[in-house]
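A.B. asks: Below: one structure in structure tokens.
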Amino acid sequence: MFKFLTPTPYTSSAAALTARKSAPCGRQKSTVVTGMLTAILLLSACQQQAETDIMDKGGQTVEQQYANANKSAVQSDEAATRIAEFQPLYVTQMQGLQRRLQAEYESLQAADTSDSESVSGNNAQSTNDSSQATATNQAKPKDETVATSLDINTSTEVGERDLKVLKSLSLEVYEPQLLPEDELIKRYQQAMEALYQPTATALSAQDIDTLLNIVTLTPQLFEHPEIAARLTLKSPALGRLIVQYQVWQQIEVQQALDMQQLKQTQQQEFETLMTKFDDTIKGYDEQIAKYEQTLKEFK
């Protein structure tokens with residue numbers, strides 16, 4: 001008797017909308033809290049990704065790199081032994097360099113003294129010549145005297161200009177600093193200790209000067225990987241000098257091997273030529289002997 005109607009999609013949607021509107025307020029708050037938790041989780045994931053991004057290739061963060069840059073390096077026993085072994089060689093090389101510099105300085109000083117005496121004599125001669133020139137100009141006609149004065153003024157201007165250029169150049173020779181043996185040893189040890197100080201600690205001017213002398217006079221010291229690495233970290237410029245020295249050393253070794261190989265090749269070629277020459281001479285001797293035998297038979 002009763003007929004029930006099946007609700008259409010439109011009717012269902014309207015009913016659902018009505019139900020949501022009539023839902024209690026607590027359910028809406030639960031939805032908001034869920035959204036906030038989701039956002040927090042997303043931010044946490046982004047932060048972890050950012051921390052992963054600042055990791056360098058060695059697996060160190062910026063904070064770890066900063067800490068390492070301000071931490072002293074530990075010197076190995078092998079490196080300490082090598083540094084101690086090269087100390088006497090460095091001192092001997094520096095003493096020889098100081099003697100050569102002192103000899104050059106004394107030689108230049110002697111040359112300057114000789115030049116000063118020569119200049120004094122030339123100045124005296126120039127004074128006499130100037131006096132004679134003045135007397136001659138007074139005896140010359142007026143027009144000729146004016147022309148001569150113009151020439152002198154021109155020469156004076158050129159001379160003053162050249163003098164300004166020379167004054168801008170520093171030709172002063174400084175006496176070399178001669179350090180005693182104990183001071184050379186002290187500076188050597190201080191420079192080696194400075195290599196193992198924190199990377200962020202800059203080298204002093206004295207340490208840089210000492211290290212430059214060590215690199216120049218005893219570059220073999222830095223064939224040790226640890227010492228070479230510390231030098232490169234503390235002073236990349238000095239590290240490049242060591243690399244250049246090692247490259248040139250390899251080139252010299254290769255050139256020596258090439259020369260030795262060339263000499264061996266030339267020696268082999270020479271021996272081959274001598275063998276052929278001996279064989280040729282031997283053949284000639286046999287032919288001459290046969291010819292002489294033939295002549296005897298005819299006689």
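A.B. asks: Surrounded by 11 or more Cβ atoms within 10 Å (Cβ to Cβ), assigned to a helix (DSSP H, G or I) and modelled with pLDDT of 90 or more, is that true of Gln95? Give the derivation first.
C.D. replies: On the way: surrounded by 11 or more Cβ atoms within 10 Å (Cβ to Cβ): yes; assigned to a helix (DSSP H, G or I): yes; modelled with pLDDT of 90 or more: yes.
Spelling it out, Gln95 is indeed surrounded by 11 or more Cβ atoms within 10 Å (Cβ to Cβ), assigned to a helix (DSSP H, G or I) and modelled with pLDDT of 90 or more.
A.B. asks: What about Glu223, is it closer than 24 Å to Thr92 by Cα, surrounded by 10 or more Cβ atoms within 10 Å (Cβ to Cβ) and either of a type in the set (Phe, Trp, Tyr) or modelled with pLDDT of 95 or more (or both)? Quick ask: steps written out before the conclusion?
C.D. replies: On the way: closer than 24 Å to Thr92 by Cα: yes; surrounded by 10 or more Cβ atoms within 10 Å (Cβ to Cβ): yes; either of a type in the set (Phe, Trp, Tyr) or modelled with pLDDT of 95 or more (or both): no.
It is false that Glu223 is closer than 24 Å to Thr92 by Cα, surrounded by 10 or more Cβ atoms within 10 Å (Cβ to Cβ) and either of a type in the set (Phe, Trp, Tyr) or modelled with pLDDT of 95 or more (or both).
A.B. asks: If Ala256 satisfies all but one of (1) at pLDDT 80 or above; (2) surrounded by fewer than 10 Cβ atoms within 10 Å (Cβ to Cβ), what's the number of the condition it fails?
C.D. replies: Only one criterion in (1) at pLDDT 80 or above; (2) surrounded by fewer than 10 Cβ atoms within 10 Å (Cβ to Cβ) is unmet by Ala256, namely (2).
A.B. asks: Only one residue in Asn213, Asn153 is surrounded by 11 or more Cβ atoms within 10 Å (Cβ to Cβ) and either more than 24 Å from the chain's Cα centre (by Cα) or modelled with pLDDT of 90 or more (or both), so which one is that? Walk me through it before giving the result.
C.D. replies: Values: Asn153 fails: surrounded by 11 or more Cβ atoms within 10 Å (Cβ to Cβ).
When all the criteria are applied, what remains is Asn213.
The values are calculated or read from the model by the stated rules, or taken from the named source; none is laboratory data. Everything numeric here is computed off the predicted structure, so don't read it as measured data. Counting neighbours? That spans all protein chains shown, and the Cβs are built from the backbone with ideal geometry, glycine included.
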